[in-house]
Amino acid sequence: MPTKYIFVTGGVLSGLGKGITVASIGRILQARGLRVAPIKCDAYVNIDAGTMNPVEHGEVFVTDDGIETDQDLGHYERFLNINLDRSNYTTTGQVYQSVIQRERNLEYDGACVEVVPHVPEEIIRRIKEAGRRRRADVVIAEIGGTVGEYQNVLFMEAARLMTSHHPRDVIHVHVGYLPIPPSIGEMKSKPVQYSIRSLNSVGIQPDFVVCRSREPIDERRKKKISLFGNIEFGNVIANPDVESIYELPLILEKQKVAEKIMKRLGLKQVRPKMNEWQKLVSVIKSDKKPVEIGIVGKYFTTGDFHLEDSYVCVIEAIKHAAWANNLDPVIRWFDSENVMKHGVAQLEGLQGIIVPQGWGKRGTEGKLATIQYAREQRIPYLGLCYGMQHAVIEFSRHVAGLADANSEEVDPRTSAPVIHIMENQKKLIAKKQYGGTIRLGSYPCQIKPGTLLAEIYGKRRVEERHRHRYEFNNAYKKRLEKNGLVISGTSPDGTLVEAVELPDHPFFLGTQYHPEYKSRPLAPHPIFVKFIECAHKISR
């Protein structure tokens, strides 16, 4: 059977949830025994997402093989419960880099290399390669941005060419938004109609339209989109706002989306196996006791708006663990700069505190004050990467007597650099080689017996994903251990500290790695599960 391809495009506005749509379609096809390979096509000229501002672009997601990607790959992994790699993510920058390198290698046999057809052909090669690597029955390609943008026109051309060459093996799903202006009080379909027309203008006719809206789309609006968008009535799909994104596969199931897709692609119909997912959604929607968790970070604010996209994986990992403990996660947001200015009194009442990843100097003293509060008030604390490094700094200052303790990233002149730059990074920084050069991807961690970390994992060695340039300074290891800091995880050769913890505390753990990257709704990460379990025991 030839590999089938589904292209997912978006219109009207960005941030509609194309990634969730891709993940949900993948899930309902996977439930029918099909091997699915998602791929995100980003129109940025960046080679990867690693150098992008997390407030503007959202959280960077890291795969096992160390590619820094768009956060949608995290959604793909969580819904499909699979580990993806660099073949599942491509950018305009990667595509042009490959085309130019091939030209330099005379791989075009002396031909004039042109934007069309050579760039779309390279995009097609990458989409097909994603399918080959996973031996996929279906490849689902998400084209980033919205239709009508200049940036993604070459990805649209690649989709058009594939449709022309393989008309029976390619379908198009378009995600559009139907607003309900408060002054009118009626759902409007015209934005989606124009979006479909824009897609038509680049030579693509969608087979399905997924209608994002506050309320479920009604029959009248469906008829309009069907008529003016040239879409089968039954292929106009409702995707209203829901309590949890994990409800969407079941919403699509009710509308028989998988059956319709498989019929259109000539695939044999199979009864789905969705029992586990149905149980998950039942737990999510059931009445549960709340557990209140605070996240103290600095990538929340953009202008007058506050966003959560910078910490998507952390948020989802908290949810997965809370549901595993039959609890309702209540997440509170705290800007570390605000904590620095106004103190830690605002943190009172929290049952658990997380300080997540971060870079640079801004807001660090607020994070340190937060960690000191969690340590002294015996509030369960989880430090992730930067949060682990700052836990070491706080302990060094207030327990081990190193008043000037700091990270070289924050204060290069500190007399007590308990966190310092990794040795192999110095030359890279001197040459301004920033993109893709930090410690990335999956590395082994050796766990010390008798520790909280050993209890959590139940094994001596694990593999976890990293994204950092600075590390624990082993010159201070003996002094900190003498004062009570437990180094519970290291690299197998003992040279890199991977985890620290405090004994005689309800839960105080910091990891240099990012456990949140590997948490899934059907397989929550054990560190978060234990953290939530301990947080629940703290009275509110």
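Just a few scattered comments:
- Scan of the range 49-79 for residues that are touching a helix residue (DSSP H, G or I) at 6+ places or on another chain (Cβ under 6 Å) and farther than 18 Å from VAL314 by Cα, ordered by number: ASP65, ILE67
- Matching residues, the range 395-411, being under 20 Å from VAL486 (Cβ atoms), in a loop (DSSP other than H, G, I, E, B) and in contact with a strand residue (DSSP E or B) (Cβ under 7 Å, 6 or more places away or on another chain): LEU402
- Residue count, the range 202-217 (criterion: farther than 12 Å from ILE237 by Cβ and either of a type in the set (A, V, I, L, M, F, W, C) or at pLDDT below 95 (or both)): 4
- Residues of the range 142-153 classified as outside any loop (DSSP other than H, G, I, E, B) and closer than 21 Å to ALA37 by Cα, total: 2
- Taking the listed residues SER488, SER442, the one that is under 19 Å from the mean Cα position of the chain (by Cα), among the polar types (S, T, N, Q), surrounded by 14 or more Cβ atoms within 10 Å (Cβ to Cβ) and in a strand (DSSP E or B) is SER442, with no other qualifying.
- Hits in the range 36-82 - residues which are in a loop (DSSP other than H, G, I, E, B), under 16 Å from SER24 (Cα atoms) and not hydrophobic (A, V, I, L, M, F, W, C): GLN71, ASN81
- Sole residue being over 24 Å from the mean Cα position of the chain (by Cα), surrounded by 16 or more Cβ atoms within 10 Å (Cβ to Cβ), under 30 Å from PRO240 (Cα atoms) and assigned by TED's automatic domain parsing to the domain that holds GLY50, chosen from PRO179, PRO120: PRO179
- You will find that of ILE204, ILE261, ILE293, the residue that is surrounded by 15 or more Cβ atoms within 10 Å (Cβ to Cβ), closer than 30 Å to GLU533 by Cβ and of a type in the set (Val, Ile, Thr) is ILE293 and no other.
- Exactly one residue out of GLY110, GLY93 is of a type in the set (Gly, Ala, Ser), surrounded by fewer than 19 Cβ atoms within 10 Å (Cβ to Cβ) and without any contact (Cβ under 8 Å) to a residue 40 or more places away in the chain, and it is GLY110.
- Test: LEU280 is under 30 Å from HIS172 (Cα atoms), under 22 Å from the mean Cα position of the chain (by Cα), modelled with pLDDT of 95 or more and surrounded by fewer than 23 Cβ atoms within 10 Å (Cβ to Cβ): yes
- Residue in the range 341-351 that is surrounded by 21 or more Cβ atoms within 10 Å (Cβ to Cβ) and modelled with pLDDT of 95 or more present: yes
- Listed by first and then second residue, the pairs linking a residue in the range 449-464 that is touching a residue at least 40 places away in the same chain (Cβ under 8 Å) to a residue that is polar (S, T, N, Q) and not in a strand (DSSP E or B), with Cβ atoms under 9 Å apart and 6 or more places separating them unless they lie on different chains, are GLU464/GLN512.
- Close pairs from the range 239-256: first in the same structural domain as MET187 (by TED's automatic domain parsing), partner among the basic types (Lys, Arg), Cβ under 6 Å, at least 6 apart: ASN239/ARG212; ASP241/ARG214; PRO249/ARG27
- Cβ-Cβ distances below 8 Å connect the following pairs, each with a first residue in the range 1-30 that is farther than 19 Å from GLY131 by Cβ, a second residue that is modelled with pLDDT under 95 and of a type in the set (A, V, I, L, M, F, W, C), and a separation of six or more residues or different chains: GLY10/LEU16; GLY10/VAL147; GLY11/VAL147.
- None of ALA136, ALA159 is of a type in the set (A, V, I, L, M), crowded, with 20+ Cβ neighbours inside 10 Å and part of a loop (DSSP other than H, G, I, E, B) except ALA136.
- Checking each residue in the range 354-367 for being closer than 18 Å to ARG332 by Cα and assigned to a helix (DSSP H, G or I) picks out GLY366, LYS367.
- Only one entry of ARG212, ARG197, ARG221 meets the criterion of being over 24 Å from TYR5 (Cα atoms) and surrounded by 13 or more Cβ atoms within 10 Å (Cβ to Cβ), and that entry is ARG221.
- Filtered residues of the range 491-520 (kept if in contact with an Asp or Glu (Cβ under 8 Å, 6 or more places away or on another chain), part of a loop (DSSP other than H, G, I, E, B) and buried (at least 17 other Cβ atoms within 10 Å of the Cβ)): LEU496, GLN512, TYR513, HIS514, SER519
- The condition of being over 27 Å from the mean Cα position of the chain (by Cα), at pLDDT below 95 and surrounded by 13 or more Cβ atoms within 10 Å (Cβ to Cβ) holds for VAL270.
- A search for C-beta distances below 6 Å between a residue of the range 399-410 that is assigned by TED's automatic domain parsing to the domain that holds LEU502 and small (Gly, Ala, Ser) and any residue that is loosely packed, with under 15 Cβ neighbours inside 10 Å and not in a strand (DSSP E or B), counting only pairs 6+ apart in sequence or on different chains, returns ALA400/ASN483.
- Number of residues in the range 17-30 that are within 13 Å of ASP137 (Cβ to Cβ) and either of a type in the set (D, E, K, R) or not in a helix (DSSP H, G or I) (or both) equals 0.
The values are calculated or read from the model by the stated rules, or taken from the named source; none is laboratory data. Keep in mind that what you see is a predicted model, and the values were worked out from it rather than measured. Glycine also receives a Cβ, built like all others from the backbone with ideal geometry; neighbour counts cover every protein chain displayed.
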